[in-house]
Amino acid sequence: MVGMDGGQVELCDVDLANIPKVRNLNAVLFPVRYGGPFYKNLLQPTHFAKLAYVGPACVGTITCRKQPLGFAESGAVVGAQQEMYMMTLGVLAPYRRLGVARVLLDSALAAAIQDPTIRRVALHVQIDNDDALRFYHKHGFMTSHMVEGYYKLLDPPHAYLLEYPLR
């Protein structure tokens with residue numbers, strides 16, 4: 001994919017040195033504030049995290065974790081099968097609609113497909129985030145159901161659970 005200045009989108013793994021870039025992007029992109037444990041956990045082997053660059057500019061990020069299948073719905077462990085839960089996917093406004101988010105999403109889907117224990121990719125989207133809902137539906141995600149009161153400090157507090165079945 002090509003960025004707005006004609007440069008290619010390049011991804012790099014999140015590591016200890018660039019976690020501050022993830023923190024800065026998240027502060028700009030999302031209404032939810034993430035604490036220290038969120039960033040520390042990104043370095044764990046059960047997590048998938050990437051930064052996207054167009055030229056020298058860090059313009060986007062994706063963070064996911066591997067968890068028991070169904071945990072996104074109930075918070076309960078349901079057997080040995082797994083899901084990849086997408087915690088964040090965001091791109092700075094000037095770089096949206098240029099394919100950066102698609103490159104980030106494709107990288108996560110490819111990683112999930114490589115793990116035979118992962119059955120689906122799941123995420124929550126605030127019910128009034130029409131742009132995000134369109135993006136995910138366009139890329140094969142299906143709305144499972146609405147979760148009332150998912151976001152404790154946001155208005156509206158409700159979210160849709162979206163899923164992308166792999167197997």
Check your understanding: Would a scan of the stretch 40-56 turn up a residue that is within 16 Å of residue 123 (Cβ to Cβ), in contact (Cβ under 8 Å) with a residue 40 or more places away in the chain and out of contact with any Leu (no Cβ under 8 Å at 6 or more places or on another chain)?
Key -> yes
Check your understanding: Residue check: is residue 92 surrounded by fewer than 22 Cβ atoms within 10 Å (Cβ to Cβ) and closer than 23 Å to residue 161 by Cα?
Key -> no
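With 98, 104 as the choices, which residue is out of contact with any His (no Cβ under 7 Å at 6 or more places or on another chain), open to solvent by 30 Å² or more (accessible area, probe 1.4 Å) and not in a strand (DSSP E or B)?
On the way: 104 fails: open to solvent by 30 Å² or more (accessible area, probe 1.4 Å).
One residue alone meets the criteria, 98.
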Review point. Does residue 121 count as buried (at least 20 other Cβ atoms within 10 Å of the Cβ) and under 22 Å from residue 23 (Cα atoms)?
Key: no
Practice item. Select, from 88, 143, the only residue that is more than 26 Å from residue 54 (Cβ to Cβ) and part of a strand (DSSP E or B). Key: 143
Check your understanding: Of all the residues that make up the stretch 64-89, how many are surrounded by 13 or more Cβ atoms within 10 Å (Cβ to Cβ), without any contact (Cβ under 8 Å) to a residue 60 or more places away in the chain, polar (S, T, N, Q) and under 19 Å from residue 150 (Cα atoms)?
Key -> 1
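Mind checking which residues of the stretch 1-54 are among the polar types (S, T, N, Q), modelled with pLDDT of 95 or more, in a loop (DSSP other than H, G, I, E, B) and open to solvent by 40 Å² or more (accessible area, probe 1.4 Å)?
Of the stretch 1-54, the ones among the polar types (S, T, N, Q) are 8, 18, 24, 26, 41, 44, 46.
Applying the additional criterion that residues be modelled with pLDDT of 95 or more yields 18, 24, 26, 41, 44.
Narrowing the set further to residues that are in a loop (DSSP other than H, G, I, E, B) leaves 18, 44.
If the condition is that a residue be among the polar types (S, T, N, Q), modelled with pLDDT of 95 or more, in a loop (DSSP other than H, G, I, E, B) and open to solvent by 40 Å² or more (accessible area, probe 1.4 Å), then 44 is the only one that fits.
Looking at residue 93, is it of a type in the set (Gly, Ala, Ser), out of contact with any Cys (no Cβ under 6 Å at 6 or more places or on another chain), at pLDDT 95 or above and under 22 Å from residue 46 (Cβ atoms)? Show your work before the answer.
Details: of a type in the set (Gly, Ala, Ser): yes; out of contact with any Cys (no Cβ under 6 Å at 6 or more places or on another chain): yes; at pLDDT 95 or above: yes; under 22 Å from residue 46 (Cβ atoms): no.
In short, no.
Counting only residues that are of a type outside the set (A, V, I, L, M) and in a loop (DSSP other than H, G, I, E, B), how many does the stretch 55-85 have? Working first, answer last.
Going through the stretch 55-85, the residues of a type outside the set (A, V, I, L, M) turn out to be 55-56, 58, 60-61, 63-68, 70-71, 73-75, 79, 81-83, 85.
Keeping just the survivors that are in a loop (DSSP other than H, G, I, E, B) gives 55-56, 70, 75, 79, 81.
Looking only at that region, the number is 6.
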Exercise for review: Scan the stretch 137-167 residue by residue and report those that are among the small types (Gly, Ala, Ser) and out of contact with any helix residue (DSSP H, G or I) (no Cβ under 9 Å at 6 or more places or on another chain).
Suggested key: 149, 159
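The values are calculated or read from the model by the stated rules, or taken from the named source; none is laboratory data. This structure is a prediction, so every number in the text was calculated from the model and none was measured. Cβ: placed from backbone, ideal geometry, glycine included. Neighbour counts: every protein chain shown. To get the accessible areas, we keep the full protein, side chains included, count just its heavy atoms, and leave off ligands, DNA and RNA. Shrake-Rupley method; radii C 1.70, N 1.55, O 1.52, S 1.80 Å.
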